[in-house]
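Values in this text are rule-based calculations from the coordinates and carry no lab data. Not measured: the values here are computed from a predicted model. FYI the Cβ positions are ideal-geometry reconstructions off the backbone, even for glycines, and counts take in every protein chain you see.
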Amino acid sequence: MQIDQQKCVACGNCVAICPMGAISIDSQKNRAFVNADECVECYSCFRGMSMEKLNPILVRSIRRLLKVFRLRFDPEPDVCPTSAITPDELSWPRIVRRAFSDPIVTHESTGVHGRGTEEVKTNDVTNRVGAGEAGYVVEFGRPGVGVRFRDIEKMTRALAQMGIEFELKNPVTHMMTDKKTGKIRDDILNEKILSAIVEFKTGIENVAAVLRRVDEVSKTLETVVAVGVATRCDQTGGSALDAILNEEGFSFVRGKTNLGLGHASL
Amino acid sequence: MTNTLHRHGSAESFNDDYIVFAIPARGINDTNAVEKQRRFLEIARKYQPVNMGDASHGAIFRSSKELNPTVHWRRQAAADFDAVVNGVSSPSTVAAVFDNPDTVVAFIKELKEADLGLSINISAALDKAQECGRRAGLERHSVEYSLGFFGQTDRMADRQTLELATMCGHGMLSSNFVRKLVEWVKQGRRSPQEASATLARFCSCGVFNPTRACRLFEEARK
């Protein structure tokens, strides 16, 4: 992402909008600019902000005049008055930033839409996580921290050493050069993204060991890790995970509940 | 996507937060999904959701690319339900957000009768979601638990900011922007309703809950 220097009036609205804090004002030039290394190409600024098409020279003049009288205009905080936010043409490897950061975009690098898969949201149709199994979603970088692939690789390598088999339809799995060892391709290891999700499943008897390992490795990373675990319920809606998670000391309040209304043919 | 799984807050703070979404299984039942998803949204609309959206094409609250300067004094926060329903053009995740369980139960009952064949999930407090399902005559098939955050949690924002910012699970709401709006609400520069509407425009999936956001802004103002 770029800020068009001809159009920018340094109003500063976009500075707060950026989830990665990658936009700031250059006080010498009196223009906003994007730190390309920190920008994850999430398009939150470009898509989320509303736009006006005011004349930049006029806006700068009015702002200077108001400044003389120590007055300040209180504009809407989500508006770029001169439509100065401009997307870049992205090429490999930078394009993976957008693929893993912009929720609207189809996953161009992998052909998979979104950052993860359907998890247990379609388990009533796919039976992906069967009775006696646990499905995991280990997400990196969210909320508001971001992550580089080299940190994700530390986790995938550690999980691979436990004999974990990664979900094949997951975008991170597509980035692996060796799915047995969890090795991620070298040319993207330094790319920063908003978040990525690693998915896999195990027998339910392995839940405690997996979660302990995820916790251990997470402590060595430079980012935050959000963890979800799922299972299929019994006929009465009961879940075998309740007891395991309680025993491991997890408090769980929120989650997703699949109501079982899906079927294979529509 | 886990875009609604890890909302931050206590159990009580989710009392007015229920996201019901429909999703086809890729390669299995997605061939005729578009019409079914539109039907889901049309049914949802009858129950007056506080937000609604299609993960691929946008929500009822959207940014505008053609504003004129009067917007700074007369900002419209109208919800565009037609844009969401008519915008569905490919298999996706469609969602509707409600702020009370009774409406969710009534909605689920109608979905059950409609027999769309799409997978229907409730993202909410687990006990509340199970209760809604049971009141609609359904036991849960599968469940996914949020176990919270591991790793460098000291890099995360404060509780108040996270409760608002994590309502867009895709991370489109920056902590700095949320803090800015909280300060503006405290200073009386914007109302909680205006601040909530502003945040809602950044959540393209339509899962942001403006009712909960309004309540959180009100609490911040006290």
(message) What does the C-alpha gyration tensor say about the overall shape of the range A:114-164? Classify as rounded when a/c is under 1.5, otherwise prolate if a/b is larger than b/c, or oblate.
(response) oblate
(message) If I model a spin label as a point 7 Å beyond the Cα along the Cα-Cβ vector, how far apart are those points for A:K29 and A:Q161 in nm?
(response) 4.5 nm
(message) List the lysines whose Cα sits under 21 Å from the Cα of A:K29, skipping any in the same chain fewer than 8 residues away.
(response) A:K7, A:K67
(message) Testing the spin-label approximation: label points 7 Å from Cα along Cα→Cβ at A:Q6 and B:R74. State their distance in nm.
(response) 3.3 nm
(message) Considering only C-alpha atoms, what is the centroid distance from the range B:1-22 to the range B:51-83, in Å?
(response) 23 Å
(request) Can you bin the range B:1-145 into rounded, prolate or oblate? Criterion: square roots of the alpha carbon gyration tensor eigenvalues sorted a ≥ b ≥ c, rounded for a/c under 1.5, prolate for a/b above b/c, oblate for the rest. (result) oblate
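At 222 nm, what value in deg cm²/dmol follows for chain B if DSSP H runs of at least 4 each add -39500 (n - 2.57) and the sum is divided by all its residues, to the nearest 500?
Working: 8 runs with 85 residues, N = 222.
One gets -11500 deg cm²/dmol as the mean residue ellipticity at 222 nm.
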(message) To the nearest 20 Debye, how big is the dipole of the protein assembly as shown about its Cα centre, given +1 on the beta carbon of each Lys and Arg and -1 on that of each Asp and Glu?
(response) 1700 debye
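Taking 20 Å as the cut-off for C-alpha to C-alpha distance, list the pairs among A:K179/A:K201; A:K154/A:K183; A:K201/B:K36; A:K121/B:K36; A:K256/B:K109 that go past it. Each step should come with its number before you reach the end.
Working: A:K179/A:K201 14 Å; A:K154/A:K183 9 Å; A:K201/B:K36 30 Å; A:K121/B:K36 17 Å; A:K256/B:K109 18 Å.
Where the Cα-Cα span goes over 20 Å, the pairs concerned are A:K201/B:K36.
Find out how many positive minus negative residues lie around A:G238, taking Lys and Arg as positive, Asp and Glu as negative, among other residues whose Cβ is under 10 Å from that of A:G238. It would help to have the intermediate numbers written out before the result.
Details: positive: B:R140; negative: A:D234, A:D242, B:E139.
So the environment of A:G238 carries a net charge of -2.
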(request) Would you mind classifying chain A by shape? Square roots of the alpha carbon gyration tensor eigenvalues, ordered a ≥ b ≥ c; an a/c under 1.5 is rounded, otherwise it is prolate if a/b is larger than b/c and oblate if not. (result) prolate
(request) No other cysteine beta carbon under 4.7 Å away is the test; run it over the protein assembly as shown and list who passes. (result) A:C8, A:C11, A:C14, A:C18, A:C39, A:C42, A:C45, A:C80, A:C233, B:C132, B:C205, B:C214
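What net charge do the residues around B:G9 carry, taking every other residue with its C-beta under 9 Å from that of B:G9, with Lys and Arg at +1 and Asp and Glu at -1? Could you put the intermediate results ahead of the total?
Details: positive: A:R254, B:R7, B:R159, B:R212; negative: B:E12, B:D17, B:E163.
Net charge in that neighbourhood comes out at +1.
Looking at chain A, what % of its DSSP beta bridges pair antiparallel, to the nearest 5? The partial results should precede the final answer.
Numbers: 25 of 27 bridges.
Just about 95 percent of them are antiparallel.
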(request) Could you name the lysines whose alpha carbon sits less than 20 Å from that of B:K180, not counting residues in the same chain fewer than 8 places away? (result) B:K222
(request) May I ask for the percentage of alpha-carbon pairs in the protein assembly as shown that lie more than 42 Å from each other? (result) 14 percent
(request) Give me the distance in nm between label points sitting 7 Å out from Cα along the Cα-to-Cβ direction at A:R212 and A:T177, one decimal. (result) 3.4 nm
(message) Ignoring everything except DSSP H segments at least 4 long, calculate the 222 nm mean residue ellipticity for chain A; use -39,500 (n - 2.57) per segment, divide by total residues, nearest 500.
(response) -6500 deg cm²/dmol
(request) Would you work out which of A:C42, A:T231, A:F250 lies farthest towards the positive end of the dipole of chain A, given +1 charges on the beta-carbon of Lys and Arg and -1 on that of Asp and Glu, about the Cα centre? (result) A:C42
